[in-house]
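Visitor: Structure below; questions to follow.
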Amino acid sequence: MNIRAGQSTPRPYRMVARADAAEATGARILEAARREFGELLYDQVSLKAVADRSSVTVQTVIRRFGSKESLFAAAAQRRSDEIRRQRDAAPAGDIAAATRVLIDSYERWGDEQLHLLAQERRTEAMGATVASGRRYHRAWVERVFAPWLDGRAAQHRKRLTAQLVAVTDLYTWRVFRRDLGLSRVETEAAVRDLVERLTAAAGEPQRR
């Protein structure tokens, strides 16, 4: 293709730079939104506040994410992805390591998650986010504690799964850490003790 004199094709590095800048802007908006939704009630969060916090215009936020509910969903997905990357590092069959990973996650995200859980009925997006989180936690329990769950009779497996979901739940962390004032180390030990009691009562883990 002929290029007229004085004209040039866009330099690749400029295109890459623009793409990187757009990605960085999107990430900045999502982080600002996550913080706004994590600190305020949903109805108190405005697109202007998110725009101001991320140093962009409201029009930029709208152009990138549309409505406030869409922005919330995108920010929630970003947070969920970070939480799951951390928790997916928990090895199956290692109670101490899994409990440590779990409590690390709750220490980082627990208060923000509790803030959102208290509002799960406010919007469809919030409800969907909470429901997804509950499904993930159950799946995490089934994976991490599979050696004690696999091969059990259906009714026994169902009960033990429910017990493990409960003792590793965010609200259990809240009771120990926030309501009863245990330290982070004490909370991890308390949760680990509950898990060990349940798995010990279930019998020897299945070898793979």
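The values are calculated or read from the model by the stated rules, or taken from the named source; none is laboratory data. Since we're looking at a predicted model, the values are computed, not measured. Here the Cβ is made from the backbone with ideal geometry for all residues, glycine too, and neighbour counts use every protein chain on show.
Visitor: Output the number of residues of the stretch 110-167 satisfying the condition of being under 16 Å from the mean Cα position of the chain (by Cα) and either within 22 Å of Asp88 (Cβ to Cβ) or outside the structural domain of Ala98 (by TED's automatic domain parsing) (or both).
Guide: 21
Visitor: So, in the stretch 146-177, of the ones that are charged (D, E, K, R) and in contact (Cβ under 8 Å) with a residue 12 or more places away in the chain, which residue ends up surrounded by the fewest Cβ atoms within 10 Å (Cβ to Cβ)?
Guide: Here the residue is Asp150.
Visitor: Quick one: Ala51 ticks every box in (1) in the same structural domain as Ala139 (by TED's automatic domain parsing); (2) at pLDDT 95 or above; (3) among the small types (Gly, Ala, Ser) except a single one, so which number is it?
Guide: Here Ala51 meets the rest and fails (1).
Visitor: Which condition from (1) without any contact (Cβ under 8 Å) to a residue 60 or more places away in the chain; (2) assigned to a loop (DSSP other than H, G, I, E, B); (3) not polar (S, T, N, Q) is the one that Gly93 breaks?
Guide: Gly93 satisfies every listed condition except (1).
Visitor: Is at least one residue of the stretch 73-88 hydroxyl-bearing (Ser, Thr, Tyr), closer than 28 Å to Val165 by Cα and touching a Phe, Trp or Tyr at 6+ places or on another chain (Cβ under 6 Å)?
Guide: no
Per-residue answers, yes or no, for (1) at pLDDT 95 or above; (2) on the phi < 0 side of the Ramachandran plot; (3) acidic (Asp, Glu):
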site: Ile103; (1), (2), (3): yes, yes, no
site: Arg108; (1), (2), (3): yes, yes, no
site: Leu114; (1), (2), (3): yes, yes, no
site: Met126; (1), (2), (3): no, yes, no
site: His137; (1), (2), (3): yes, yes, no
site: Gly181; (1), (2), (3): yes, no, no
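Visitor: Would you check if there is a residue in the stretch 126-145 being farther than 30 Å from Ala74 by Cβ and either surrounded by 14 or more Cβ atoms within 10 Å (Cβ to Cβ) or not acidic (Asp, Glu) (or both)?
Guide: yes
Visitor: Shifting gears a bit: Could you run through the stretch 52-80 and say how many residues are polar (S, T, N, Q) and over 16 Å from Arg34 (Cα atoms)?
Guide: 3
Visitor: Tell me, which residue of the stretch 30-57 that is out of contact with any Asp or Glu (no Cβ under 9 Å at 6 or more places or on another chain) and hydrophobic (A, V, I, L, M, F, W, C) is surrounded by the most Cβ atoms within 10 Å (Cβ to Cβ)?
Guide: Taking the candidates together, the pick is Ala33.
Visitor: Here's another thing I want to ask about it. Only one of Leu182, Leu198 is outside any loop (DSSP other than H, G, I, E, B), over 22 Å from the mean Cα position of the chain (by Cα) and surrounded by 14 or more Cβ atoms within 10 Å (Cβ to Cβ). Can you tell me which?
Guide: Going through Leu182, Leu198 in turn, just one is outside any loop (DSSP other than H, G, I, E, B), over 22 Å from the mean Cα position of the chain (by Cα) and surrounded by 14 or more Cβ atoms within 10 Å (Cβ to Cβ): Leu198.
Visitor: In the set Glu120, Glu112, which member is in a loop (DSSP other than H, G, I, E, B) and within 26 Å of Ser70 (Cβ to Cβ)?
Guide: Being in a loop (DSSP other than H, G, I, E, B) and within 26 Å of Ser70 (Cβ to Cβ) holds for just one of Glu120, Glu112, which is Glu120.
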